[in-house]
Amino acid sequence: MTTAVPSPPAALDHLALLADVQGQFLTTIPLVDPRTPVPWCGRWRVRNLVEHLARIHHWAAGQARRKQETPLGRGPFDLESFYATNADELLTTLRTLDPDAPAWTLDDSGVVTFWRRRQLHETLVHLWDLRTAGGLPLDVAPEVWADTVDEVVTVLQPRQERMGRMEPLAASIELVADDTDRTWLLGGTGAHTARVEGPASVLALLLWGRAEPADPSLRVDGDPTQALAERLTP
């Protein structure tokens, strides 16, 4: 059986990367009509996407401080200022708190640094949503996308099982990022029944429900569709 080969989360500066993707998200907001559909997010339009990420930033700042967040109201909001305010709140909170300080987290770590990584990847995926909805490209290093894959495999998908949101995967899928030389096993305890190889960005989007196994940049052996039909992320 092939074993997962994750690199330590500390290999990336998650806080600096979070600041960067937040900045890209903010500067993209005025470039995309707020009425534009975001089809891979159900019935959402860009306005819903921007408000969602702003609210998540506000909520995560409260989780990092171990304080219940103050409700933000229903809106409508000026999207740029609403996002900028809540993005700044999160970033300031994470810069101020000791990364090893106690925090409310989605895993057993219970420390602030969890939110540096979690909010980086939340923001990155939604930055892809926003720019792709607007027909705009996105250039992010493969190593960052590989960490997005790693978070799903080691944190988010196992949590979905613990929360009873999905049945345990009966067999594993081998994921191979051909641009970072990294390999993971998604779920299962026995030999893998499928292998998916391709760019880390597409593997990440596959796990987040933004890409399909039939994507031309992926090479697939076996049938991963049943496992990938599950909601692997919150």
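The values are calculated or read from the model by the stated rules, or taken from the named source; none is laboratory data. Remember, it's a predicted structure, so these values are computed and weren't measured experimentally. Neighbour counts run over all protein chains shown; Cβ positions are idealised from the backbone, glycine included.
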Checklist outcome for this item: ILE173 vs (1) within 30 Å of PRO30 (Cα to Cα); (2) at pLDDT below 95: all pass except (1)
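Can you work out which of the residues in segment 87-114 that are hydrophobic (A, V, I, L, M, F, W, C) and farther than 19 Å from LEU26 by Cβ is surrounded by the fewest Cβ atoms within 10 Å (Cβ to Cβ)?
Filtering segment 87-114 for residues that are hydrophobic (A, V, I, L, M, F, W, C) and farther than 19 Å from LEU26 by Cβ, the one surrounded by the fewest Cβ atoms within 10 Å (Cβ to Cβ) comes out as ALA101.
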Item to check | Residues within segment 107-129 that are among the aliphatic types (A, V, I, L, M) and more than 30 Å from THR36 (Cβ to Cβ), tallied | outcome: 2
Next on the checklist: Could you tell me how many of the residues in segment 213-234 are out of contact with any Asp or Glu (no Cβ under 8 Å at 6 or more places or on another chain), part of a loop (DSSP other than H, G, I, E, B) and of a type outside the set (S, T, N, Q)?
Outcome noted: 10
Checklist outcome for this item: PRO168: passes all of (1) assigned by TED's automatic domain parsing to the domain that holds LEU203; (2) part of a helix (DSSP H, G or I) but (2)
Checklist entry - Can you pull out the residues in segment 172-197 that are at positive phi and either touching a residue at least 12 places away in the same chain (Cβ under 8 Å) or crowded, with 20+ Cβ neighbours inside 10 Å (or both)? => result GLY187, GLY188
Checklist entry - Is it fair to say GLN157 is part of a helix (DSSP H, G or I), within 29 Å of GLU69 (Cα to Cα), among the polar types (S, T, N, Q) and not assigned by TED's automatic domain parsing to the domain that holds ARG45? => result yes
Checklist entry - If only one of ASP215, ASP223 is surrounded by 12 or more Cβ atoms within 10 Å (Cβ to Cβ), charged (D, E, K, R) and touching a helix residue (DSSP H, G or I) at 6+ places or on another chain (Cβ under 6 Å), which one is it? => result ASP215
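So which residues in segment 43-100 are assigned to a helix (DSSP H, G or I) and aromatic (Phe, Trp, Tyr), if there are any at all? Before the answer, list the steps.
Start the filter on segment 43-100 by keeping residues that are assigned to a helix (DSSP H, G or I), which leaves 46-65, 79-96.
TRP59, PHE82, TYR83 - these are the residues of segment 43-100 that are assigned to a helix (DSSP H, G or I) and aromatic (Phe, Trp, Tyr).
Please work out if ARG210 is in a loop (DSSP other than H, G, I, E, B) and closer than 30 Å to ALA54 by Cβ.
Here the answer is yes, as ARG210 does meet what is asked.
Listed here are the residues, each with its yes/no results for (1) modelled with pLDDT under 95; (2) surrounded by fewer than 17 Cβ atoms within 10 Å (Cβ to Cβ).
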residue: PRO8; (1), (2): yes, yes
residue: HIS14; (1), (2): no, no
residue: LEU31; (1), (2): no, yes
residue: PRO34; (1), (2): no, yes
residue: ILE56; (1), (2): no, no
residue: PRO71; (1), (2): yes, yes
residue: GLY75; (1), (2): yes, yes
residue: THR85; (1), (2): no, yes
